[in-house]
Structure formats: C-alpha cells, structure tokens
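The values are calculated or read from the model by the stated rules, or taken from the named source; none is laboratory data. The structure displayed is predicted, hence computed values, not measured ones. Neighbour counts are summed over all protein chains in view; Cβ atoms, including those assigned to glycine, are modelled from backbone coordinates with ideal geometry. Areas reflect the complete protein model, heavy atoms only, side chains present, ligands, DNA and RNA absent. Shrake-Rupley method; radii C 1.70, N 1.55, O 1.52, S 1.80 Å.
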Amino acid sequence: MSRASLNRSGNLSRGYAGAIAPHAGAAGSLLSRYSLRLGNTLVRHRAELAERASRVEAEFASRVKTEFIANISHELRTPLNSILGFSKMLKGTGASPLEPRQIAEYAGFILGSAEGLLSVVNDVITISKLQSGKFELAMDLVDLDELLHCCAAWAGDRVENSRCRLITRIDESLPAILADAEHLKDVVIRLLSNAMRFTPAQGAVALTAKCGPRGKVIICISDTGTGMSAQEISVALTEFGQVDNRLDRRHEGTGLGLPIAKTLTERQGGEFLIRSEEGRGTDVILLFAAAAQAGEPRTASEHAGIR
C-alpha cells in the first residue's frame with residue numbers, strides 16, 4: 001500500500017507501507033516469462049495447424065484415390081463386358097450364322113472397346129511414369145504447321161460422330177519450337193477429344209494457332225460446351241479428379257486427360273492455361289517459346305533455360 005505526502009521542498013512523494021517497492025528487475029522478469037509463455041503458445045498453435053492441414057490433405061488424397069478406383073473399375077469393366085459379349089455372339093453362331101454385315105458390326109464394337117481399354121491402361125501408365133519422374137522426352141525442333149494440321153485431320157475424322165463443327169485457324173509460317181513432337185501431338189489430341197466430348201450437338205470446337213508477343217507461340221483449343229466453374233477447373237486438373245464422379249455420369253473418362261496434358265506441356269517448357277465459364281465453353285491455351293533459330297539444335301544450357 002502506498003502513501004502520498006509533501007516533502008520539505010513542497011513536492012509530492014510516494015512511499016510504500018508493508019510492501020517491497022517495485023524495481024526494473026522484477027518488471028523485466030515478468031515480461032520475460034510472458035514472452036516465453038506466448039512463444040510456447042504460438043509454437044503449439046502452429047504445430048496444431050500443420051497437423052490439421054496434413055490430416056485434411058491425407059483425407060483428400062484418400063478420397064480421390066477411392067473415387068479413382070471406383071471410376072477406373074467402371075472404365076475397365078465396360079469395354080471388357082462389351083468385348084466378351086460380342087465375342088460370345090460371334091463364337092456361338094453355329095446354329096444360326098450371322099450375316100457378314102452383322103459380323104463386321106460386332107467386330108467394330110470389339111475393336112472400339114479394345115481401343116478404349118488400351119487408352120485407359122496407357123493413361124494409368126503415363127501418369128505413373130510422370131509421378132515417378134521416369135518419363136523421358138525426345139526434345140527437338142518441331143514443325144508446328146505440320147503437327148497441328150495432322151491433329152486437325154484426326155479431329156475432322158471424328159467430329160461427325162459428335163455432331164459438332166470443327167473450326168481450324170492455323171497461321172502460316174509459325175516458328176519452330178523445341179518440344180517432343182509425339183507427346184505434343186498427344187496433348188493437342190487429348191484436348192480436342194475432351195472438347196468434342198463435352199460439346200453438345202450443333203456446338204463448335206476450334207483449333208487455333210498464332211504468333212503472340214515476346215516470341216511466344218499460342219495454341220488454343222476452344223469449345224462451346226458445358227464449361228466449368230473455378231472450383232471444377234481445380235478438380236479437373238487434379239490427378240484422378242472427376243468433376244462429375246458419379247458412375248452414371250454422362251461423359252466417360254478416367255479423370256487423367258487434363259492432368260496428363262498439363263504436365264506434358266510444362267515438361268516441354270510450355271505454359272498451360274484454362275479459361276472457362278459454366279454454360280459458355282472452355283478455352284485451353286498452350287504457350288511455347290519460339291526456337292532461337294529454326295533448323296539449329298540448341299545447346300544443353302539453352303535446353304535448361306527453356307525448362
């Protein structure tokens with residue numbers, strides 16, 4: 001308890017009765033203990049946040065894998081059942097022989113199912129190699145004009161089945177780029193296939209290519225299909241992710257097409273961008289740097305610069 005009084009000079013002074021007067025050492029000790037306690041609390045809080053984030057990530061990964069197993073089982077069983085069914089029909093024609101037209105039709109169903117099954121298996125193998133870092137690229141100068149027209153011809157042969165229009169706008173004299181021709185073609189065909197699958201009848205799919213600013217080459221695959229929200233784009237770019245993961249979904253697929261296309265593009269030194277809006281369609285844009293000098297291979301250091 002403190003008492004105030006006037007000293008001889010007329011100034012106010014304060015004294016302490018029954019207590020020890022505070023001093024700087026006591027205040028410093030109190031502040032030190034408070035700082036230590038606060039620091040420990042912050043460390044525990046950060047550890048709890050990290051543990052929670054790790055648990056959420058693990059749960060998400062587990063859910064994605066579970067959904068993938070369910071989807072992949074469906075994608076494998078459907079073509080296998082088709083192959084088995086039509087094979088049995090062809091085998092059991094002794095009593096009532098099939099007409100040549102029917103045989104050709106059933107053989108076509110078997111071939112289509114086998115090709116679909118092979119595509120699923122190849123996707124799983126490709127994504128496994130990409131994840132493990134064992135995927136090899138044969139980088140070289142690529143003639144984009146020839147490659148893109150080849151992709152457009154592939155899409156033209158299949159666009160009638162999807163009942164949508166194919167629009168091709170490829171600028172002349174596109175510069176060469178450093179890439180793996182086979183896998184760049186695979187990327188473009190994957191994107192064209194996706195665009196045709198998600199575009200309704202009377203819609204349009206476009207393949208365009210032009211020179212952009214700062215020596216960039218811009219390849220764009222556009223469609224007027226269902227489109228995606230920002231959240232759906234994030235899911236679609238996730239390995240094994242399905243925007244519609246129901247087994248009775250309208251569109252078939254393993255959910256590996258876009259992740260593989262994105263990873264292959266980036267491994268070849270390109271940029272992969274998606275612009276989409278629900279109900280209005282999707283634009284997938286590939287950006288590549290033009291090769292320094294067409295016809296001249298790059299040095300190892302230049303290769304590293306592009307990557």
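Observations, loosely collected:
- Taken together, GLU239, GLU232, GLU271, GLU252 contain a single residue that is modelled with pLDDT of 90 or more, open to solvent by 20 Å² or more (accessible area, probe 1.4 Å) and not assigned by TED's automatic domain parsing to the domain that holds ASN122, which is GLU271.
- Count - residues of the range 131-167 that are more than 19 Å from GLU266 (Cβ to Cβ), among the acidic types (Asp, Glu) and in contact (Cβ under 8 Å) with a residue 12 or more places away in the chain: 2
- Condition met for GLU99 (more than 33 Å from the chain's Cα centre (by Cα), among the acidic types (Asp, Glu) and either modelled with pLDDT of 85 or more or not assigned by TED's automatic domain parsing to the domain that holds LEU256 (or both)): yes
- Residues of the range 198-229 classified as open to solvent by 10 Å² or more (accessible area, probe 1.4 Å), assigned to a strand (DSSP E or B) and over 20 Å from SER276 (Cβ atoms), total: 3
- GLU146 in a loop (DSSP other than H, G, I, E, B) and over 28 Å from ASN81 (Cβ atoms): no
- Candidate set: the range 283-294, residues that are open to solvent by less than 20 Å² (accessible area, probe 1.4 Å) and touching a helix residue (DSSP H, G or I) at 6+ places or on another chain (Cβ under 7 Å); chosen: the one farthest from ILE177 (Cα to Cα): VAL284
- Answer residue from the range 160-177, given it is in a strand (DSSP E or B) and touching a helix residue (DSSP H, G or I) at 6+ places or on another chain (Cβ under 6 Å) and is least open to solvent (accessible area, probe 1.4 Å) among those: ILE170
- Checklist (1) part of a helix (DSSP H, G or I); (2) under 18 Å from ALA152 (Cβ atoms); (3) open to solvent by 40 Å² or more (accessible area, probe 1.4 Å) applied to ALA195, failing item: (3)
- Lone qualifier among GLU59, GLU105, GLU75 - being surrounded by 15 or more Cβ atoms within 10 Å (Cβ to Cβ), among the charged types (D, E, K, R) and either modelled with pLDDT of 85 or more or under 30 Å from PRO259 (Cα atoms) (or both): GLU75
- Only one of the numbered conditions (1) at pLDDT 85 or above; (2) open to solvent by less than 70 Å² (accessible area, probe 1.4 Å) is not met by ARG46, and that is (2).
- Filtering the range 193-235 to residues that are within 16 Å of the chain's Cα centre (by Cα) and closer than 23 Å to ALA176 by Cβ leaves only ILE221.
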